[in-house]
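A.B. asks: Please see the structure below; I have some questions.
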2 protein chains.
Amino acid sequence: MPPMRNIKLTIAYDGTEFSGWQKQINAPTIQGEIEKRLELVTNSSPVTLHGAGRTDAGVHALAMVANFHSISSIILPQLHRALNSMLPMAIRILAAEEVSQDFHARFSVRSKTYIYKIETGAIQSPIHRLYQVHIPSSLSIEKMEACLNLLSGTHDFASFEAAGSRDKSITTGRGSIRTLQKAELSKTNANSFEFSFTGDGFLRHMVRNIMGTILDVGKGRTSLVDFKKIIQAKDRSAAGVTAPAHGLFLQTIRY
Amino acid sequence: MPPMRNIKLTIAYDGTEFSGWQKQINAPTIQGEIEKRLELVTNSSPVTLHGAGRTDAGVHALAMVANFHSISSIILPQLHRALNSMLPMAIRILAAEEVSQDFHARFSVRSKTYIYKIETGAIQSPIHRLYQVHIPSSLSIEKMEACLNLLSGTHDFASFEAAGSRDKSITTGRGSIRTLQKAELSKTNANSFEFSFTGDGFLRHMVRNIMGTILDVGKGRTSLVDFKKIIQAKDRSAAGVTAPAHGLFLQTIRY
């Protein structure tokens, strides 16, 4: 029998038209679209693609990582080209590499960076509407940066975890405790902001729930004192709404 | 009878889902979508919206200008808000202003600027695919800049005019002679280029036909000597293909 290969894919996608990463019956998903083409390219079925994590419907990725096992002898450049020629343009394979057997796209993750894009100003440019969330209010950068400082480091992020959604296989042992190594805000032009979060792991909806709450502080609806209390409450109902999916990008994954 | 008002609209749109500016039966167009809402907002029918020009299917605009006449007494901020609340998010009214009776969005134009966006590199980011044209080749900036220098100034641009498409009402007297006050190229990041063309008028498909031909020079398929001959030929069949619509943006119009 031919040797089993472990192949790592780096994937960019526009999440607008997909029901998220994870395969579903009767809904287009990133995992589903790629697995279907992998089965054709490697001439075997089923192929299971292990993603570094799941992104929600509408969330984008600049460099998602996933791996799959195959006994196919197809050379990597051919696999790479064939996948891109068959996939919709909204999904692009950026790289295909052979990795050691012990590499697992999810379990081997050391850290991930997500970015979240906001556009202020009274009217949003139609060109940005699919990739930036429009907030037609003025936002206090100072206060939002203070929130990011409060979130940096190791905390129990239960207040920002989607209710009843824990995937026990990932979080065993650490509950909702995570470490944010970096939580930053930068102005990308006169009306645009980019939030960046780097951490050792993210709970379901964590970035979007943090963003919903930080934007309340930026608008002056929630005070910094209350923001601190929200973290300490360890209770989802204490925090703000889940911010929209289309401002969120999985940017990089480190192994 | 209430006085006739002349109202100027500044409009941004994502052209992806539209069959261009000009109204058509059974196809969504920018003019058609806005006129339909203007009739509701001003409570009169028909309303004719005069655009500064027509953009083709798939072409975007950052600041198209149009005007219409109305006896409606609706105040401008209300008209502005009502239009945006009814229009699809892909079309945004950036400003609504009352102007003098002699203003005409098309005939009063002094100059227009179009930009054309290109992304090189082997694989295009899916996030850019609707707004930049992907050229997976390396391009000679030097040679493309030389083309732009040859195009600057007053020329007969017949080689870059869509065959059989002259709108006599616009071009009376000057045929296919136009003046490009500016034709520039800038690098917007490692893999992205932006071409910018400012002129007193543009023939149908002129920027896209120029771009198709310049890209042939950038790729090394057409020499600079031949590019010069193409201009001098004054014959559409001498030039390159029409570059795709989705890289083109109507950027600004000066009056």
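Read the figures in this text as sums done on the coordinates, not as results from a lab. Source: prediction; values computed, not measured. Cβ coordinates were reconstructed from backbone atoms using ideal geometry, including for glycine residues, and neighbour counts include every protein chain displayed.
A.B. asks: Each label point is 7 Å from the Cα along the Cα-to-Cβ direction; what then is the distance between the points at B:A162 and A:K234, in nm?
C.D. replies: Going by the 7 Å Cα→Cβ label model, 6.5 nm.
A.B. asks: Another one. With Cβ to Cβ distances under 14 Å as the rule, what net charge do the other residues near A:R81 carry (K, R +1; D, E -1)?
C.D. replies: +2
A.B. asks: What's the local net charge at B:F18, with K and R +1, D and E -1, over the other residues with C-beta under 14 Å away?
C.D. replies: -1
A.B. asks: Shifting gears a bit: Rounded to two decimals, what is Rg over Rh for region A:111-254 when you use alpha-carbon atoms and the Kirkwood radius?
C.D. replies: Radius of gyration over Kirkwood radius for region A:111-254 works out to 0.95.
A.B. asks: Just to be sure I understand the model, the point goes 7 Å from the Cα along the line to the Cβ. What's the resulting B:E97 to B:M1 distance in nm?
C.D. replies: 2.8
A.B. asks: Also: Can you compute the FRET efficiency between B:I71 and A:K187 using 1/(1 + (r/R0)^6), with r the Cβ-Cβ distance and R0 = 41 Å? Round to the nearest 0.05.
C.D. replies: The computed FRET efficiency comes out at 0.35.
A.B. asks: Taking 0.36 nm per intervening residue step and subtracting the Cα-Cα distance, what contour gain separates B:Q24 from B:R110 on full extension?
C.D. replies: 28.2 nm
A.B. asks: So if R0 is 25 Å, what FRET efficiency would B:V225 and B:R174 give, r being the distance between their Cβ atoms, rounded to the nearest 0.05?
C.D. replies: 0.35
A.B. asks: Counting Lys and Arg as +1 and Asp and Glu as -1, what is the net charge of the other residues whose Cβ lies under 10 Å from the Cβ of B:N209?
C.D. replies: Neighbourhood net charge equals +2.
A.B. asks: What are the nm distances, shortest first, from A:E98 to its equivalents in the other copies, labels at 7 Å along Cα→Cβ?
C.D. replies: 7.6
A.B. asks: I need the inter-copy label distances for A:S111: point set 7 Å along Cα to C-beta, values in nm with one decimal, smallest first.
C.D. replies: 4.9
A.B. asks: If I build a Gaussian network model for chain A, linking alpha-carbon pairs within less than 10 angstrom, which residue out of A:S196, A:S44, A:S19 has the largest mean-square fluctuation?
C.D. replies: Looking only at A:S196, A:S44, A:S19, the biggest GNM fluctuation is shown by A:S44.
A.B. asks: Viscosity 1.567 mPa s, temperature 4 °C: Stokes-Einstein D of chain B from its Kirkwood Cα radius, in µm² per second?
C.D. replies: Translational D for this selection: 67 µm²/s.
A.B. asks: Using the Kirkwood radius built from alpha carbon pairs, what does the Stokes-Einstein equation give as D for the protein assembly as shown at 25 °C and 0.890 mPa s, in µm² per second?
C.D. replies: Reported coefficient: 95 µm²/s.
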